[in-house]
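Visitor: Sharing a structure here in structure tokens format.
The values are calculated or read from the model by the stated rules, or taken from the named source; none is laboratory data. Please read all numbers here as calculations on a predicted model, not as lab measurements. Here the Cβ positions follow ideal geometry from the backbone for every residue, glycine too, while neighbour counts run over all protein chains shown.
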Amino acid sequence: MFKHMYKMELKIDHNSPLPLHAQVEMLLRKMIELPEYKGGGLLPKEVDLAKRLGISRNTLRQATNKLEYEGLLIRKKGIGTKVAEKGITTNLDNWQSFTQEMTDQGVDFVNFLIDTKWVKASDKIAQFFNIEKGSEVLCLSRLRGFKDGPFVYFESYFHPRIELTGKEDFTKPLYSILEDEYNVVPSISKEEIRARLASKIIAEKLHIKKGDPVLVRERFVSDPGNRPIEYNVGFYIAEKFTYSITITR
């Protein structure tokens, strides 16, 4: 369990004026960068690590609590404490399609599912599109992630005015398709983000457990004339995604 950590001297100085919990925090920050942990590996059990360092579990917990608060560690009941995987960060002050976001960040992703179908507009979609409830709209479903599994599931609904056929190549950036092929320019996006527990359907799609935390992002997209174009809802595995926004006063 500890053989790889001997290289980084798994010990603290009990005679140092630096508080023990601060020393442990520094030690943990080095540990989580080791190859066996940085990809989401489980840390040694608290009781074992505390014994080896010669400290109480409360002292160890002080350090792990701080790293958990920073999103560097994830504590799972009955499993242990694991290192958070490096996730994706997206900026809300410069929105674009998912494909463009990932390309700009140099992130390679996998399309696990791309599917289109015609569905009847729900109350929410009909109200946003200003069409009658039950009108047929195109729904584009996409399941995306890394090679080791999906991390986001999208559903996009499009205003009938655009005249999408559903046969477009949706492996391309969505908003490039709208602009280049249909002369529709996405210009305004109203975003709503909230946390919720994964339903059975979403959990199955994302390969997580029902009740696991997910981030839900709703996007209401319009053209320069404020005419509705797309309603999009995305379900992200919470521990793999971060939203960032810059505010200037």
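Visitor: Exactly one of (1) in a loop (DSSP other than H, G, I, E, B); (2) at pLDDT 85 or above is unmet by VAL24. Its number?
Guide: (1)
Visitor: Then there is this: Sort out which residues of region 199-210 are touching a residue at least 12 places away in the same chain (Cβ under 8 Å) and exposed (fewer than 14 other Cβ atoms within 10 Å of the Cβ), and write them in order of number.
Guide: Passing the criteria: only LYS210.
Visitor: Considering GLU36, GLU9, which residue is of a type outside the set (Phe, Trp, Tyr), surrounded by fewer than 17 Cβ atoms within 10 Å (Cβ to Cβ), closer than 25 Å to GLU239 by Cβ and modelled with pLDDT under 85?
Guide: On inspection, the qualifying residue turns out to be GLU36.
Visitor: Could you say whether any residue in region 78-85 is modelled with pLDDT under 75, hydrophobic (A, V, I, L, M, F, W, C) and either in a loop (DSSP other than H, G, I, E, B) or surrounded by fewer than 17 Cβ atoms within 10 Å (Cβ to Cβ) (or both)?
Guide: Checking region 78-85: at least one residue is modelled with pLDDT under 75, hydrophobic (A, V, I, L, M, F, W, C) and either in a loop (DSSP other than H, G, I, E, B) or surrounded by fewer than 17 Cβ atoms within 10 Å (Cβ to Cβ) (or both).
Visitor: Here's a check for you: in region 176-192, which residue that is surrounded by 14 or more Cβ atoms within 10 Å (Cβ to Cβ) and under 21 Å from the mean Cα position of the chain (by Cα) is farthest from LYS240 (Cα to Cα)?
Guide: Among residues in region 176-192 that are surrounded by 14 or more Cβ atoms within 10 Å (Cβ to Cβ) and under 21 Å from the mean Cα position of the chain (by Cα), the one farthest from LYS240 (Cα to Cα) is SER189.
Visitor: Within region 61-77, restricting attention to residues that are within 16 Å of the chain's Cα centre (by Cα) and either in contact (Cβ under 8 Å) with a residue 24 or more places away in the chain or assigned to a strand (DSSP E or B) (or both), which residue is surrounded by the fewest Cβ atoms within 10 Å (Cβ to Cβ)?
Guide: Among those residues, the one meeting the criterion is GLY71.
Visitor: Of GLU46, GLU36, which residue is charged (D, E, K, R) and touching a Ser or Thr at 6+ places or on another chain (Cβ under 8 Å)?
Guide: GLU46
Visitor: Please enumerate the residues belonging to region 182-214 that are farther than 14 Å from PRO150 by Cα and part of a strand (DSSP E or B).
Guide: ILE188, SER189, LYS190, GLU191, GLU192, ILE193, ARG194, ALA195, ARG196, LEU197, PRO213, listed by residue number.
Visitor: Here's a follow-up. In this structure, is VAL119 at pLDDT 95 or above and either outside the structural domain of ALA238 (by TED's automatic domain parsing) or not polar (S, T, N, Q) (or both)?
Guide: Yes.
Visitor: Separate question: Enumerate the pairs (first residue in region 110-124 and over 19 Å from ARG142 (Cα atoms); second residue anywhere and part of a strand (DSSP E or B) and at pLDDT 95 or above) with beta-carbon separation below 8 Å, excluding pairs fewer than 6 apart on the same chain, so at least 6 apart or on different chains.
Guide: Final answer for the pair search is LYS124/TYR231.
Visitor: Hey, another quick one. Return only the number of the condition from (1) modelled with pLDDT under 95; (2) under 24 Å from GLY225 (Cβ atoms) that HIS159 does not satisfy.
Guide: (1)
Visitor: Specify which of the listed residues (ARG227, ARG196) is touching a Leu at 6+ places or on another chain (Cβ under 9 Å) and surrounded by fewer than 16 Cβ atoms within 10 Å (Cβ to Cβ).
Guide: Answer to the selection: ARG196.
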